[in-house]
Structures are given as C-alpha cells and as structure tokens.
Amino acid sequence: MALKDDYTGYTVLIYSPDGDFLCEGVISSYDKKMQWIELRNTFPPSLNKDDICPLLIMTSPSPCEYKGRVVKDGWKYVFAIFKGKEKESRRMARYKVSFPATIEGLIIDGDTFPLYENLTVNIVNISRTGLRFSAPINSLLVGDKFLLRMSAVDNDRLYTAVVVNSINKDSEVSEYGCRLVANKGGQA
C-alpha cells in the first residue's frame with residue numbers, strides 16, 4: 001500500500017521485525033514512484049537488507065502505521081513501504097515507546113485552557129488511534145480532553161486526546177489510556 005501523503009519532515013518510530021522499539025528518525029525524502037522513504041542521519045544498525053518491520057509515522061490527528069522492507073539503494077538504506085493498516089480494530093498493534101511529552105492545556109466545551117505549568121508525562125505505548133502514558137496519580141479524569149505535545153528527534157507535534165481509562169500503578173503514578181481525536185477542521 002502506498003503512502004497517502006508525502007511525509008518528508010515527519011518523525012517515524014522504527015520497530016524490529018519482532019516488535020521491539022529500535023529508534024526514531026526523521027523522514028528526509030520520499031520517492032513516490034518507488035514508494036521509498038529515507039531517514040535523516042538515522043538507520044538502526046540491527047536491521048538488515050530485506051528485513052520487514054513496523055513503522056509508525058507521527059502524523060496528526062493520529063499516527064499512520066505502515067510496514068517497511070529494508071532496501072539498499074546504492075550507498076544508503078531506505079524503507080520500501082508495502083503494507084499499511086487501514087481498518088481500526090480492538091486488536092490494533094500497540095508499540096512500546098518511552099519518551100516524554102507534555103500536556104499543555106485542557107479542552108472544555110470546545111475552549112482550550114492553558115495549564116499554569118505544563119505537565120510532563122511519559123509515553124508508554126502508542127497505536128494508530130491512541131496512546132498510554134504514565135503521570136502523577138489523579139492528574140486527569142476519564143473523559144478529560146487535552147492538548148499533548150510530543151517531541152521526538154527534532155520534530156514537534158501537538159495532538160488532541162481524550163482519557164478513556166486510568167489505572168493506578170502505585171500510590172504516586174497512574175497510567176492513562178487515551179484516544180487521539182481531531183479538533184474541528186481536522187487539525188489536532
């Protein structure tokens with residue numbers, strides 16, 4: 001399946017064929033004819049030619065999930081995009097990650113209210129339609145809608161999310177399961 005758009009400049013999370021997180025990078029170019037993406041200054045050394053691995057491109061309002069085959073193009077390695085997931089399902093792949101993000105504001109009745117001090121959270125896993133993060137206990141309630149800024153590599157994206165569940169991990173930390181949503185006009 002072809003990429004829907006030119007994702008040059010977007011962050012991509014790269015996973016091993018077994019689903020383990022390898023690294024993140026920025027897409028430096030996209031060859032529409034060949035359906036190849038090239039990464040800027042990054043290529044996981046543990047991948048070999050013809051390995052097939054999951055790629056999560058961090059687009060808004062939610063990430064795009066693709067499969068990529070490692071291809072050697074002259075002196076460089078690229079990913080040939082050949083399969084994506086279009087259908088949403090409860091068994092959607094969740095990808096483990098561990099990077100910080102910040103909650104910048106709450107959305108109440110369509111209005112955004114900036115936080116006095118941004119709340120730093122740690123992303124635990126992510127899928128095409130949602131994510132899970134850990135934060136101080138009782139930071140949010142189920143149903144809260146908020147703005148989440150994720151920064152990966154040298155790329156920065158603002159997402160809108162809604163808390164759908166929470167689990168208290170201990171007396172100080174909760175994990176929050178969230179669905180990514182689009183704001184009016186399709187922008188996150």
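Data for the structure
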{"item": "Single residue of region 133-157 satisfying the filter (buried (at least 20 other Cβ atoms within 10 Å of the Cβ) and within 14 Å of residue 181 (Cα to Cα)) that is farthest from the chain's Cα centre (by Cα)", "result": "145"}
{"item": "Test: residue in region 20-36 that is closer than 20 Å to residue 129 by Cβ, in a strand (DSSP E or B) and touching a residue at least 40 places away in the same chain (Cβ under 8 Å)", "result": "yes"}
{"item": "Considering residues of region 151-182 that are among the hydrophobic types (A, V, I, L, M, F, W, C) and at pLDDT below 85 only, the residue nearest to residue 94 (Cα to Cα)", "result": "152"}
{"item": "Test: residue in region 59-67 that is within 22 Å of residue 149 (Cα to Cα) and part of a strand (DSSP E or B)", "result": "yes"}
{"item": "Checking residue 82 against (1) at pLDDT below 85; (2) aromatic (Phe, Trp, Tyr); (3) buried (at least 16 other Cβ atoms within 10 Å of the Cβ), the condition it does not meet", "result": "(3)"}
{"item": "Flag for residue 87 being modelled with pLDDT under 65, outside any loop (DSSP other than H, G, I, E, B) and of a type in the set (D, E, K, R)", "result": "no"}
{"item": "Residue list for region 39-58, restricted to those being within 22 Å of residue 151 (Cβ to Cβ) and without any contact (Cβ under 8 Å) to a residue 60 or more places away in the chain", "result": "39, 40, 41, 43, 44, 54, 55, 57"}
{"item": "Residue that is surrounded by the most Cβ atoms within 10 Å (Cβ to Cβ) [pool: residues in region 37-58 that are among the aliphatic types (A, V, I, L, M) and not in a loop (DSSP other than H, G, I, E, B)]", "result": "37"}
{"item": "Close pairs from region 150-166: first not assigned by TED's automatic domain parsing to the domain that holds residue 63, partner modelled with pLDDT under 85 and aromatic (Phe, Trp, Tyr), Cβ under 9 Å, at least 6 apart", "result": "150/99; 151/99; 152/99"}
{"item": "Residue within region 103-119 that is of a type in the set (S, T, N, Q) and either under 27 Å from residue 15 (Cβ atoms) or at pLDDT below 85 (or both) present", "result": "no"}
{"item": "Residue, modelled with the lowest pLDDT, within region 1-20, restricted to residues that are of a type outside the set (Asp, Glu) and over 16 Å from residue 69 (Cα atoms)", "result": "4"}
{"item": "Residues that are assigned to a strand (DSSP E or B), among the small types (Gly, Ala, Ser) and out of contact with any Leu (no Cβ under 8 Å at 6 or more places or on another chain), drawn from region 118-171", "result": "134, 151"}
{"item": "Residues located in region 158-184, provided they are surrounded by fewer than 16 Cβ atoms within 10 Å (Cβ to Cβ), farther than 17 Å from residue 129 by Cα and of a type in the set (S, T, N, Q)", "result": "168, 171"}
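The values are calculated or read from the model by the stated rules, or taken from the named source; none is laboratory data. The structure displayed is predicted, hence computed values, not measured ones. Glycine also receives a Cβ, built like all others from the backbone with ideal geometry; neighbour counts cover every protein chain displayed.
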